[in-house]
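Inspection log for the structure reproduced underneath, given as structure tokens.
The values are calculated or read from the model by the stated rules, or taken from the named source; none is laboratory data. Remember, it's a predicted structure, so these values are computed and weren't measured experimentally. Every residue, glycine as well, gets a Cβ built from its backbone with ideal geometry; the counts of neighbours run over all protein chains shown. To get the accessible areas, we keep the full protein, side chains included, count just its heavy atoms, and leave off ligands, DNA and RNA. Shrake-Rupley method; radii C 1.70, N 1.55, O 1.52, S 1.80 Å.
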Amino acid sequence: MKGSKGQTLYYFLIFTFILVVSWAMMLNIAKLIRDRMIMQNLADNTILSIATHKARTMNFVGACNYLIGFLLRVGTRGEFVQMPTYGTDMVASFPFGDWQPQSNSALSSGVSVLKDSVDAVQKLQEIAMVAHLGYIVMSYKDLVDKGYVPVILPFPIKPEDFNSGMIENPGSGIIKIAERHFGLKRNMKGITYKKTENVSIEMIHYVYTEMLGLELKKIFFAQIRKIPGIGSIIGMLGDNLNKIWDEIEKKLGINISDYTGAPTFAKKDYSWYITADNFKDQKMQIALIKRNDDNNKPLFFRWLGISYPSMSVFSAAAIYNTEGKMFPERESELIGMLSAPTEALLQVPVTVQTGILSAQLSDIPIIGEIAAAIVVIYIAACDASMMKMAHDGIADSPINNYLKAKNGGWGAHLVPYKTTNNNDGD
């Protein structure tokens with residue numbers, strides 16, 4: 001009987017060892033699951049944060065696109081009385097005009113303000129996009145500092161970028177990288193800024209071009225010849241038509257016939273942003289890897305001879321806009337239309353100036369009423385022609401595209417990691 005004492009101790013030790021090992025394994029497995037959950041949440045939060053920052057940057061760049069269009073829109077096409085412009089082929093300075101009465105010299109201070117304003121907005125776009133690249137780099141560094149090995153795709157800066165002139169011209173190079181990352185490129189239908197020929201009669205501010213001197217005089221002569229009786233007689237006396245025209249120029253205090261065209265102040269090779277070929281590729285992906293190290297060892301790893309495996313998690317996010325792309329798709333000089341109230345407001349100066357000019361011309365004896373009517377018709381025809389141009393491009397211009405898509409706005413959401421990178425981004 002005495003020899004049977006302590007026989008259960010062996011069983012107790014064996015079961016205790018099994019319980020300790022099981023407990024350690026459960027804790028280690030629980031830690032693995034916990035670490036993986038933390039990694040997955042970190043990957044999801046990081047990539048969604050990057051995508052959200054990109055979406056906000058896209059909204060800002062789109063709003064700046066609208067502002068560029070708006071500034072150029074309230075500039076003027078250089079035709080007769082100041083009128084709103086619908087394109088970038090001829091931009092003057094309204095309402096930044098050089099109001100210098102009785103001056104026939106070509107002035108550029110007003111259009112210089114307009115150009116500087118547009119250039120400043122373009123610079124803001126570039127700064128915002130480059131700042132987003134910095135945000136991605138800082139997010140990458142933060143993950144590295146936490147002990148992870150991150151892989152972010154598409155990473156904005158590639159090794160080959162340093163071999164494509166970025167070292168020689170780092171400012172321009174990093175901007176090109178940012179544009180590629182956003183899938184945007186500059187519209188290469190540039191901006192032509194025209195100097196203004198200023199003659200102020202009461203409230204009228206004139207901008208003359210060669211087209212005005214040729215077309216308006218031609219229209220005027222044609223209308224004179226259509227007058228029953230007197231028109232045909234005056235038509236046979238060609239010199240009298242020129243005298244009548246001289247009387248109009250004298251009344252206005254200018255000499256349209258001798259004017260050869262509004263001189264160019266400056267030209268810009270590009271304007272707003274349009275979509276590039278990779279614009280639809282707005283999906284961001286991240287792979288987060290955590291390797292085993294001395295700071296990440298299993299419980300009782302020395303006794304059990306085990307180690308944690310390397311863990312990897314994956315996540316992806318994309319930006320979207322339910323109302324449209326916000327950016328034009330094609331090269332164009334058409335700026336686009338504003339909302340109806342704004343359009344009406346911008347037409348007020350044209351209406352007022354046309355009325356004053358008509359009143360001035362009406363005072364000329366005999367042909368005053370005819371001249372006034374011709375001017376009104378000519379201005380209305382020019383404005384209608386440009387209005388049609390704007391409507392022809394209404395679906396694809398910086399102002400129209402922004403007004404259409406701003407209510408949706410760019411946002412971001414998580415998407416499946418393994419799907420092909422072909423979402424529309426809208």
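Quick rundown of the values:
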{"read-out": "Options Ala262, Ala276; residue that is among the small types (Gly, Ala, Ser), farther than 30 Å from Arg36 by Cβ, surrounded by 15 or more Cβ atoms within 10 Å (Cβ to Cβ) and modelled with pLDDT under 70", "value": "Ala262"}
{"read-out": "Residue list for the range 138-159, restricted to those being under 27 Å from the mean Cα position of the chain (by Cα) and either modelled with pLDDT under 90 or among the aliphatic types (A, V, I, L, M) (or both)", "value": "Met138, Ile152, Leu153, Pro154, Phe155, Pro156, Ile157, Lys158"}
{"read-out": "Subset of the range 293-336 (residues that are within 13 Å of Ala24 (Cβ to Cβ), out of contact with any helix residue (DSSP H, G or I) (no Cβ under 9 Å at 6 or more places or on another chain) and modelled with pLDDT under 65)", "value": "Arg302, Gly305"}
{"read-out": "Residue count, the range 171-215 (criterion: open to solvent by 30 Å² or more (accessible area, probe 1.4 Å), modelled with pLDDT under 75 and within 31 Å of the chain's Cα centre (by Cα))", "value": "1"}
{"read-out": "Any hit, the range 382-393, residues being farther than 21 Å from Ser271 by Cβ, buried (at least 16 other Cβ atoms within 10 Å of the Cβ) and modelled with pLDDT of 75 or more", "value": "no"}
{"read-out": "Filter pass, Leu27 being in contact with a His (Cβ under 9 Å, 6 or more places away or on another chain) and open to solvent by 50 Å² or more (accessible area, probe 1.4 Å)", "value": "no"}
{"read-out": "Any hit, the range 18-38, residues being hydroxyl-bearing (Ser, Thr, Tyr) and modelled with pLDDT of 80 or more", "value": "no"}
{"read-out": "Among the candidates Lys290, Lys218, Lys267, Lys226, residue that is farther than 30 Å from Pro156 by Cβ, at pLDDT 70 or above and over 37 Å from the mean Cα position of the chain (by Cα)", "value": "Lys226"}
{"read-out": "Residues of the range 94-137 satisfying the condition of being among the polar types (S, T, N, Q), buried (at least 19 other Cβ atoms within 10 Å of the Cβ) and modelled with pLDDT under 95", "value": "Ser108"}
